[in-house]
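Participant: My questions will all concern the structure given below.
Every number here is computed from the coordinates shown, using simple stated rules; none is lab data. Note that the structure is predicted; figures quoted are calculated from it, not measured. Cβ placement follows ideal geometry from the backbone for every residue including glycine, while neighbour counts extend to all protein chains displayed.
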Amino acid sequence: MNIYKKIENDVKSVITQLQAENLLPEVSSDKVEATPTRDVLHGDVATNAAMVLAAQTGKNPKEIAGLLVDKLNEHPGIEKVEIAGAGFVNITLSSSVWQTAVLDIIAEGRGYGNSDIGNGKRVNVEYVSANPTGPMHVGHGRGAVFGDALSTLLIKAGYDVTREYYINDAGAQVDKLADSVFLRYGVVCGNEFTGIPEGMYPGEYLIPIAEALYSLHGKTLLTKDRSDWLPIVRDYTLGAIMEMIKEDLSLIGITHDVFRSEREITNAGEVDAAMRALTDKELIYEGVLEPPKGKIPDDWEPRPQTLFKSTDFGDDCDRPVKKSDGSWTYFAPDIAYHYDKCKRGFDWIINIFGADHGGYVKRIKAAVAALSDNRVKIDIKLCQLVKFLRNGEPAKMSKRAGTFVTVREVVEEVGRDVFRFIMLTRKNDAPLDFDFAKVTEQSKDNPVFYVQYAHARCRSIRRNTAVEIPEAMALAKTADAELVSLLSHPQELALIRLMCSWPRMVESAAVALEPHRIAFYLHDLAAAFHGLWNQGNSDAGLRFIIKEDVKLTAARVALAHALSFVIASGLMVLGVEPVEEMR
């Protein structure tokens, strides 16, 4: 049930009717919208229909608006229609439209807000994709929560979403990781520990892996050449760390549908296949790149390279795909991986990268455009860093991982729900402050507590009513239009209007790829509810439970019940549990 979509459809049907009566020529109404007004004094819903039609017909927008007003005034549920400004049409709905919306929300439950705008389009959302060299740090955690919430939001908006993790398990960094584990393994076998050489991974999380290798192989690996022990240590370590990463992801409620391995893609010849595809399109050539802008490095020299014509697709310069020794550059497997995504039939690819990957955006977009002949849409979202504070001062963590703060450390201190919600209180490309004191305090300044308390308060209204006025509870369970017509106070109607904007919020946040909008919306919704509740402290007639008025109590119980579904629906998108009571 989407009131704004219904009004939009009503306006479009009026346009069709006016065309049938030859009062308007054949025009497109695709860009016609119905949106909430900024001020209820100007009505409930505004439509741009007259402006859209005027641009196509050359007619005066006010003249078209007059035609719309006459027809819309005949529609049930519409109380008043007025022309505003240069030709906008403001519509005031009758109170009964808002009141009966409470019943619709209850009927839909947590499914309220589900949309079909995605039309089942297949979307691949790749997020986290942390190099498997250690446990997840908090930078990965922000991208993980953002990607997961975005995936859920897109599913709610009607898209067919695949959650994916790309394992960067090829290249020099994993060999360095294996060397680091082998060093620890030597110590387990009895070698003297003389410290961690520069360039190796120092985290103590490698010690249990080394101990496990000792349990499996004893000291036999020490007798082997590096070329023999390296694949054994590397493969075991990668498997162990990926399990560690999956456990960390599970701590914050995240699972992926697909794990794709860079090594598997490379070994399967996918890089060669992708390069052949680009060569067939005449997009691979031998050439010399211009020197980098600014100060030229001392070791730079012009030399022939195998290049991808990424500038044909909006990149700043063409990109090397092969090194001078004949091996592929780091970019080549990335091209192959995205070629794999294109071949799997996705309509839309969304990649979640860390802020330090900003330079990769244009080249990846160019590769997808080239490989799919511009069929596949691609968006790349960057997640900025998180700053951890304690009472406004930089937080000191244990850094058990060696050089960074882990997701596990933070979640063990504040809990999964707090971690997830706070990570979504800023737009993904904006820096985020995470203050341990503020995110755990029970006050209106803590958005997690504020929203969860609103849900718990709604649930407590039902529990308390069942005990104090059981007949009101029974009446609320069978609420009808007559009962909810008692919800007539301006603050009640304002709260319902805000609840009714939830379906529209789902769609707009999904289109914009901005799940943080959901966190903002929930905070506004909680504020409206808490404000109404607090009014009952000074005006007994506004309390939710009034023993002397069974019907009004039942109506407000129904309102609280509907509100709890809206909050729960929003929290579900964020991956946060809607608590039943606050302890």
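Participant: I'd like to compare 520-531, 142-153, 11-22, 238-249: which one has the highest average count of other Cβ atoms within 10 Å, and what's the full order after that?
Facilitator: Working: 520-531: 19.5, 142-153: 26.3, 11-22: 15.3, 238-249: 17.9.
Order by mean packing, descending: 142-153, 520-531, 238-249, 11-22.
Participant: Turning to a different aspect of this structure: Taking the alpha-carbon centroid of each part, what is the distance from region 524-578 to region 411-446 in angstrom?
Facilitator: Centre-to-centre distance over Cα atoms comes out at 24 Å.
Participant: Would you indicate which of [x] 1.44; [y] 1.19; [z] 0.96 is the value of Cα Rg over 2.2 N^0.38 Å derived from the coordinates of this structure?
Facilitator: Computed from these coordinates, Cα Rg over 2.2 N^0.38 Å corresponds to label [y].
Participant: Dipole magnitude of the chain about its Cα centre, charges +1 at Lys/Arg Cβ and -1 at Asp/Glu Cβ only, in debye to the nearest 20? Can you show the working numbers first?
Facilitator: Values: 67 positive and 80 negative charges, 90 e Å.
Computed about the Cα centre, the dipole is about 440 debye.
Participant: Shifting gears a bit: Can you find, among Asn446, Ala273, His523, the residue farthest towards the positive end of the dipole of the chain? Put +1 on the C-beta of Lys and Arg, -1 on that of Asp and Glu.
Facilitator: Going by the charge dipole, the pick is Asn446.
Participant: Given Val233, Pro202, Ser180, which one lies farthest toward the positive end of the charge dipole of region 179-235, if we put +1 on the Cβ of every Lys and Arg and -1 on the Cβ of every Asp and Glu?
Facilitator: Projecting each Cα onto the dipole axis, the largest value belongs to Val233.
Participant: Let me ask you something else. Could you order the peptides 36-43, 83-90 from most to least packed, using the average number of other C-beta atoms within 10 Å per residue? Write out the running numbers ahead of the final one.
Facilitator: Details: 36-43: 13.4, 83-90: 18.1.
Ranking the peptides 36-43, 83-90 by packing returns 83-90, 36-43.
Participant: With just the Cα atoms defining each centre, how far is region 93-118 from region 1-79? Give it in Å.
Facilitator: 22 Å
Participant: Classify region 164-220: rounded, prolate or oblate, from the alpha-carbon gyration tensor (a ≥ b ≥ c, eigenvalue square roots; a/c under 1.5 rounded; otherwise prolate if a/b is larger than b/c)? Display every interim value, and only then the final one.
Facilitator: Numbers: a/c = 2.29, a/b = 1.47, b/c = 1.56.
Here region 164-220 falls in the oblate category.
Participant: Only Cα pairs under 8 Å and at least 6 apart count here; give the relative contact order of the chain as a rounded whole percent.
Facilitator: 17 percent
Participant: Determine the alpha carbon to alpha carbon distance for each of Lys322/Lys365; Lys71/Lys551; Lys362/Lys444; Lys176/Lys219; Lys246/Lys323; Lys281/Lys377 and list only those over 31 Å.
Facilitator: Working: Lys322/Lys365 19 Å; Lys71/Lys551 37 Å; Lys362/Lys444 42 Å; Lys176/Lys219 21 Å; Lys246/Lys323 34 Å; Lys281/Lys377 19 Å.
Distance filter (> 31 Å) returns Lys71/Lys551; Lys362/Lys444; Lys246/Lys323.
Participant: Can you return the lysines within cross-link range of Lys387? Criterion is Cα-Cα under 21 Å, with same-chain partners fewer than 8 residues away left out.
Facilitator: Qualifying lysines at Cα under 21 Å: Lys396, Lys399, Lys427, Lys438.
Participant: On to the next question. Run the simple label-point estimate for Arg303 and Ala84 please: 7 Å along Cα→C-beta, distance reported in nm.
Facilitator: 6.6 nm
Participant: I'd like the Karplus ³J(HN,Hα) series for region 16-24: coefficients 6.51, -1.76, 1.60, θ = phi - 60°, whole numbers in Hz, and an x wherever there's a Gly or Pro.
Facilitator: Coupling constants for region 16-24: 4, 5, 5, 5, 5, 8, 6, 8, 9 Hz.
Participant: Glu79's amide H: which non-local residues (gap 5+, or another chain) put their own amide H closer than 5 Å, with H modeled 1.01 Å from N in plane and none for Pro or chain starts?
Facilitator: Amide H neighbours of Glu79, under 5 Å, 5+ apart: Thr92, Leu93, Ser94.
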